[in-house]
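To keep things clear, I will list the structure first and then write my remarks on it.
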Amino acid sequence: MKRYIPRPRDFAPLVRLRAPEFDATKRRLAAAATIEDLRAIARRRTPRAAFDYTDGAAEAELSLERARAAFRDIEFHPTVLRDVARVRTGWEVLGGPVSLPFGIAPTGFTRMMHTEGEVAGARAAGRAGIPFALSTMGTTSIEAVRDANPHGRNWFQLYLWKDRDRSIALVDRAAAAGFDTLLVTVDVPVAGARLRDRRNGLTVPPSLTARTILDALPRARWWFDFLTTEPLAFASLDRWPGTVAELLDTMFDPTVTVADLGWIRARWPGKLVVKGIQTVADAVTVAAHGADGIVLSNHGGRQLDRAPVPFHVLPQAVAAVGGEAEIILDTGIMSGADIVASVALGARCTLIGRAYLYGLMAGGEAGVDRAIAILTEQIERTMRLLGVGCLEELEPGHVTQLTRLTPLKLPSLNPSR
């Protein structure tokens, strides 16, 4: 091979100097290519108790692990020689338009993760053209979320409390504020055993103890923001001095039945969605009682450990009630490919909880924007590689659910069979 001494002009095409980015938050977020990257940033910047509240699940955390494994086990079947120069990622969900087939899930105590909290999520959702759901356990009022996202789609998530008058008051406030959809969560008769929270001694708001002070040393910015901004307030209750589990057990009503959906349906003027459905039989039941939508969800693995994987239940639920109620999928979503697969198998929309919170913890409102941008890029790329130009073209034939766990068929306990 003939060699020669390079000349200065030979280097010119190779030089790609960029202006330095002095904003550390922008620099970190720009380097994040996946939701997992945002999670890693969030873990470094957030106190352990707050991060673990977001990141953790119930007991051995098997439900969450299995939900994520189900998405990793997707096999896609692309079609080729299709014009995918443009892809359309929006359609109608629950009577209104969305620009992307996902929304921000209701999350509790959100300002504990970052002081911008639900306001950051609502603003980012409004810009992206996706729904934002406020939790009963949220740390921003119904009216403040409306003001943060005045022209977007705001949803309210309701827990049925022992104090029914308090529940009705929240429903009426959400309706008055223009929220268009009510998500009634039905899988929390009591709190799940969230062992990370118990071991961390999590309180709301976080307490200053010897342990948390030591944990705060490398996370001084979080504590500075927390201590110099408005104290935590809630969408629906005053301060609480105990643990999260004690709060949930004090509030939530284990006597709730499907009959309770009736008075909510009569009171609520918008779309009614039941969240926390994990079996086809329950999907059929709530659809028959007037639900406009059903969220297949095991609460992000935060309630019953070893619960069904919602993504596995999706095809059967769509077959059973897809003509009566729209199906929304929740739990385990960490990429745009997960969202595309869910839509292909019949979900009208999906919800992201942790994925949004990782962005929030990583960089506040800008971090939520980055999380949405990552998912958007992944959705568009996955659709193009599958050879589809719009959501309507996605179909079950595009996806195979590979399974690691298969039910063991046991002999009948009835000797006559």
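Assorted remarks:
- Residue within region 7-29 that is under 17 Å from Arg199 (Cβ atoms) and of a type in the set (A, V, I, L, M, F, W, C) present: no
- Restricting attention to region 376-399 and to residues that are open to solvent by 80 Å² or more (accessible area, probe 1.4 Å) and closer than 12 Å to Arg88 by Cα, the residue that is nearest to the chain's Cα centre (by Cα) turns out to be Arg381.
- The residue pairs whose first member lies in region 211-223 and is closer than 14 Å to Arg43 by Cα and at pLDDT 80 or above, whose second member is of a type in the set (Val, Ile, Thr) and open to solvent by less than 90 Å² (accessible area, probe 1.4 Å), and whose beta carbons are closer than 8 Å, counting only pairs six or more residues apart or on different chains, are Arg219/Thr46; Trp222/Thr46.
- In the set (1) at pLDDT 90 or above; (2) surrounded by fewer than 21 Cβ atoms within 10 Å (Cβ to Cβ), Leu208 fails one condition alone, (1).
- Of residues in region 339-375 being in contact with a Gly (Cβ under 7 Å, 6 or more places away or on another chain) and over 25 Å from Pro47 (Cβ atoms), the one surrounded by the fewest Cβ atoms within 10 Å (Cβ to Cβ): Gly346
- Residue in region 130-152 that is β-branched (Val, Ile, Thr), more than 23 Å from Pro231 (Cβ to Cβ), touching a residue at least 40 places away in the same chain (Cβ under 8 Å) and surrounded by fewer than 24 Cβ atoms within 10 Å (Cβ to Cβ) present: no
Results for (1) modelled with pLDDT of 95 or more; (2) farther than 25 Å from Val295 by Cβ, shown as yes or no for each residue.
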| residue | (1), (2) |
| --- | --- |
| Val343 | yes, no |
| Arg354 | yes, no |
| Gly359 | yes, no |
| Gln378 | yes, no |
| Met383 | yes, no |
| Glu393 | yes, no |
| Arg404 | no, no |
| Ser412 | no, yes |
| Pro415 | no, yes |
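- In region 254-278, the residues that are within 18 Å of Gly95 (Cβ to Cβ) and touching a residue at least 24 places away in the same chain (Cβ under 8 Å) reach residues that are open to solvent by 50 Å² or more (accessible area, probe 1.4 Å) and in a helix (DSSP H, G or I) with C-beta atoms within less than 7 angstrom, at least six apart or across chains, in these pairs: Leu272/Arg265.
- Positions within region 156-172 being more than 22 Å from Thr107 (Cβ to Cβ) and open to solvent by 50 Å² or more (accessible area, probe 1.4 Å), in sequence order: Lys162, Asp163, Arg164, Asp165, Asp172
- Here Arg404 meets each of (1) assigned to a helix (DSSP H, G or I); (2) open to solvent by 50 Å² or more (accessible area, probe 1.4 Å) with one exception, condition (1).
- Wholly within region 66-136, strands (runs of 3 or more DSSP E) carrying at least 3 residues that are under 14 Å from the mean Cα position of the chain (by Cα): 102-104, 132-134
- Every pair of residues 6+ apart whose Cβ atoms lie under 8 Å, when the first sits in region 36-47 and is at pLDDT below 95 while the second is surrounded by fewer than 22 Cβ atoms within 10 Å (Cβ to Cβ) and among the acidic types (Asp, Glu): Pro47/Asp215
- Residue that is touching a residue at least 40 places away in the same chain (Cβ under 8 Å), surrounded by 13 or more Cβ atoms within 10 Å (Cβ to Cβ) and under 28 Å from Thr400 (Cα atoms), where the choices are Ala58, Ala69, Ala33, Ala50: Ala69
- For region 288-304, the set of residues classified as surrounded by 22 or more Cβ atoms within 10 Å (Cβ to Cβ) and either touching a strand residue (DSSP E or B) at 6+ places or on another chain (Cβ under 9 Å) or on the phi > 0 side of the Ramachandran plot (or both) consists of Ala291, Gly293, Ile294, Val295, Leu296, Ser297, Asn298, His299, Gly300, Gly301, Gln303, listed by residue number.
- Any hit, region 179-194, residues being of a type in the set (S, T, N, Q) and modelled with pLDDT under 85: no
- Subset of region 270-298 [under 25 Å from Ala57 (Cα atoms) and of a type in the set (Val, Ile, Thr)]: Val273, Val274, Ile277, Thr279, Val280, Ile294, Val295
- Against the criterion of being modelled with pLDDT of 85 or more, under 24 Å from Ala193 (Cβ atoms), open to solvent by less than 30 Å² (accessible area, probe 1.4 Å) and small (Gly, Ala, Ser), Gly276 qualifies.
- Selection within region 1-46 - farther than 30 Å from Tyr356 by Cα and part of a loop (DSSP other than H, G, I, E, B): Met1, Lys2, Arg3, Tyr4, Ile5, Pro6, Arg7, Val15, Arg16, Leu17
The values are calculated or read from the model by the stated rules, or taken from the named source; none is laboratory data. Bear in mind that the values here come from a model prediction, so they are computed numbers and not experimental data. All Cβ positions, glycine included, derive from the backbone under ideal geometry; neighbour counts span all protein chains shown. Ligands, DNA and RNA are excluded from the accessible area calculation, which covers all protein heavy atoms including side chains. Shrake-Rupley method; radii C 1.70, N 1.55, O 1.52, S 1.80 Å.
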